[in-house]
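Read the figures in this text as sums done on the coordinates, not as results from a lab. Treat the numbers as computed from the prediction; the structure is a model and nothing was measured. Here the Cβ positions follow ideal geometry from the backbone for every residue, glycine too, while neighbour counts run over all protein chains shown.
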Amino acid sequence: MTSTILLAGAGGAIGRRLAPLLLARGYRVAGTTRSLGRADELRDRGLEPIVVDVFDAESLAAAVLGVRPTVVIHQLTDLPHGLEPGRMAEAIARNARIRDGGTRNLVRAAVAAGTRRLVAQSIAWAYAPGPLPHAEADPLDVAAEGARAVSVGGVVALEGWTLNTPPLVGTVLRYGHIYGPGTGTEQADAPRLHVDAAAHAALLAIDGPPGIFNIAEPDSAIATEKARTVLGWDADFRVPT
């Protein structure tokens, strides 16, 4: 029987690179979008489009129940294309809201639909100051202030919903700064991560051991050995063209 994947954020930069990998593995893939205008685009790419707002808990629950996915992959963000500096202050607050309230709604909908696995996108630059490189067991920067406090708070909420909502089995992927096709940039601050390698990590996480994984290119600040040895992840992976 073909397993169904719900790709939340299918129209985003990572979602667009991940979808063909999932389809190539033989999964049935349903993808969410907030835009009715993008539904045909998702359908043309081989996905079953679901037009829904993650903050509309009732509609989201009905949509997820209709699909009954075995796995939910959470790639939802609300960031400007190319991380345009003038728009980032507002975007940080919106993104934190998705990570908390949006993730809560998605998790509850998944549990109600009988989903067994949740893979969620987090970030690799939310660690508290301390010895480098930061490994997955290191504490997050919950004492941060200002905009960083908003961002870290959203991360803490997302990871809590993902990892602590039985019977869901949760995996958190702490991504570096994304660059590459569809991101609006070919450069990124460290820790950095190509969008295709981010998609690869999500694909591997479907059947890999649960838990937290740093997903970033080799860097003196972030330890990625766990992802490489446990998931078999490769920072040099690129989506075949």
Kindly state, to the nearest 0.05, the FRET efficiency for residue 43 paired with residue 241, given R0 = 30 Å and r defined as their beta-carbon distance. 0.85
Of all the stretches in the chain, which is the longest one without any exposed loop site, taking GluC sites (Glu not before Pro) in a DSSP loop (any state but H, G, I, E, B) with at most 11 other Cβ atoms within 10 Å? 1-144
What value, in deg cm²/dmol to 500, does the helix sum -39500 (n - 2.57) over DSSP H runs of n ≥ 4 give at 222 nm once divided by the residues of the chain? -10000 deg cm²/dmol
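Pairs of Cα atoms under 8 Å, at least six residues apart: use those to get the relative contact order of the chain, whole percent.
18
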Quick check on the range 157-241: take the gyration tensor over C-alpha atoms, sort the square-rooted eigenvalues as a ≥ b ≥ c, and tell me if it's rounded (a/c under 1.5), prolate or oblate. prolate
Report, in order of residue number, the helices in the chain meeting two criteria: a C-alpha extent of 27 Å or more along the helix axis, and a mean Kyte-Doolittle hydropathy of at least 0.0; treat each whole DSSP H run as one helix. none
When the convex hull of the Cα atoms of the chain is projected onto a plane and the area is averaged over all directions, what value comes out in nm²? 12.3
When the chain is modelled as a GNM with alpha-carbon springs shorter than 10 Å, which of 227, 198, 143 fluctuates the most? 143
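Could you size up the charge dipole of the chain around its Cα centre, putting +1 on the beta carbon of Lys and Arg and -1 on that of Asp and Glu, and report it in debye to the nearest 20?
Dipole magnitude for the chain comes out near 660 debye.
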Given points 7 Å out from each Cα along the Cα-Cβ axis, report the residue 143 to residue 23 separation in nanometres with one decimal. 4.9
